1. List the relative contact order of the chain as a percent without decimals, with contacts defined as Cα pairs under 8 Å and 6+ residues apart.
2. Strictly over 24 Å apart at the Cα level, which of K167/K235; K130/K233; K24/K130 would you flag in this model?
3. Give or take rounding to whole Å, what are the principal axis extents of the alpha carbon atoms in the stretch 111-168, in descending order?
4. Any idea what log10 I(q)/I(0) is at q = 0.11, 0.22 Å⁻¹ for the stretch 149-282, Debye with uniform C-alpha scatterers and no solvent?
5. With N set to the residue count of the stretch 32-124, report its C-alpha Rg divided by 2.2 N^0.38 Å to two decimal places.
6. Work out how much length A60 to K72 would gain on full extension: take 0.36 nm times their residue separation and subtract the Cα-Cα distance, in nm to one decimal.
7. Counting only protein heavy atoms and using a 1.4 Å probe, what share of the accessible area of the stretch 3-124 belongs to carbon plus sulfur, as a whole percent?
8. Provide, for q = 0.18, 0.22, 0.25, 0.26 Å⁻¹, the log10 of I(q)/I(0) from a solvent-free Debye sum over equal Cα point scatterers in the stretch 141-196.
Amino acid sequence: MNSVRTLVLSGGVGGAKLVHGLYKQLPKGTLGVVVNTGDDFEHMGLPISPDIDTILYTLAGLADNKRGWGRKEESFHFMEAVRELGGEDWFALGDRDLATHMYRRNQMEKGQSPTQIVNSLVAIWKLGVKIWPMADQPVRTMLHTDEGVLGFQDYFVRRRCEPTIAKIEFAGAKDAQLSGELVAVLKSAALERVIIAPSNPWLSIDPVLTVPGIRDLLQNCGAPVIAVSPIVKGKAVKGPTAKIMSELGLSVSSASIEKHYGDLLDAIIVDEEKDASSANIRYLVTDLMMSDVADRERLAAETLQFADEVRGRKRIAVSQ
C-alpha cells in the first residue's frame, strides 16, 4: 500500500539538504524522492550515480558536509595509486565511496535494476524513505558547448564548468520509463504535496521532467507542485546555475526559475519579494540558505506549511 505523502524531485547536494530537512520533519515512510540520473556515467569500469549517492549518504548521516560531496572520514589511497600509475585522476573516487560503486556493479551483474539497487541500499541503511532513480533506462545529460559536445561529468568535473553552454540535451530520454510504483504514487489521492528541490533546473530537474509521462502526471496529480528557488540574492548558492542562466540569455532571478517551470507550478518559494514573479501564482518569501541541519529543518517546515496552505491550487500571492 502506498504511504508516500510528500514527493520531492531532486538533484544532488542542494536538493539533498532540503530532502534531509524534510526527512527529519516527516514520519518515516511518508517521504518519496525522485532523483536525477542524467549525471550517471561509467568510470574505471564502475557505474557512478552521483546524485543518488549524495541523497543516500546525506540521509544515512554518511555525507562529507565540509567537502560537499562523497563520504565523511574518507581517504583517497586508491586515487593516489591510480595517479602513480599514470591513470585518469580527474574524477576522485574515495576509498569508502568505492564500496558503493562496487556494490552497484555486483548487483547489476546479478540482474538488479537501478531502482532495486537503490531500494536495497535504503534497506541496508534503514532509512525509511522511498527513493526512485528517474528511470531504470540510461538517460545522459549532454552539453553542447564552445568546446564541442560534452558529457555531464566532463563538463562539471573535468572542465570545472568552464565551457560556454549553447544547448542541453538528454540522450535516451525518449526511451526512458517511469517506475510503475512511482506512477501509482503520482495518481494516488493520498499524495499531499510535490516539492521541486532547489537543484539546478537545467541540469538536475529537467532530466527528470524529460522522462515520458512525468510532466502530465505532475500537472494532473491532486497535490500542489511547489518549487524552492536555487537563487539567493541574485546568485546561485552552489554550482553553475547562474552561469548557465546567463549563457542562455536569462536573468539570474527566481522569476526566471518560475518561468522555466511554467504551468507545472502552483507556487514557488523565493528569498526576496522583489524577485517574486508578477504572475498570478502563490509565493512565499523566506530565508533559503541551509548552512546547517537546523536551517534544513526550518526551511523544510516552512515548505511543508506553505504546501498545506497552497493545497487547493488557489493562486494568490503571499509573503512571510
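1. This gives 20 percent for the chain.
2. Values: K167/K235 21 Å; K130/K233 33 Å; K24/K130 14 Å.
From the list (K167/K235; K130/K233; K24/K130), the Cα-Cα distance tops 24 Å for K130/K233.
3. 44, 20, 17
4. The Cα Debye sum returns log10 ratios of -0.44, -1.36.
5. Normalised by 2.2 N^0.38 Å, the Cα Rg of the stretch 32-124 equals 1.09.
6. Values: separation 12, 0.36 × 12 = 4.32 nm, distance 1.12 nm.
3.2 nm is the gain from fully extending A60 to K72.
7. Numbers: 2660 of 5140 Å².
Accessible surface attributable to carbon and sulfur in the stretch 3-124 totals 52 percent.
8. The computed values of log10 I(q)/I(0) come out as -0.71, -0.80, -0.91, -0.95.
The values are calculated or read from the model by the stated rules, or taken from the named source; none is laboratory data. Computed from a prediction, not measured in an experiment: that's the story for all the values here. A quick note on method: Cβ atoms are made from the backbone with ideal geometry, for glycine too, and the neighbour counts reach across all protein chains shown. Protein only, heavy atoms only, side chains kept; ligands, DNA and RNA dropped before computing areas. Shrake-Rupley method; radii C 1.70, N 1.55, O 1.52, S 1.80 Å.
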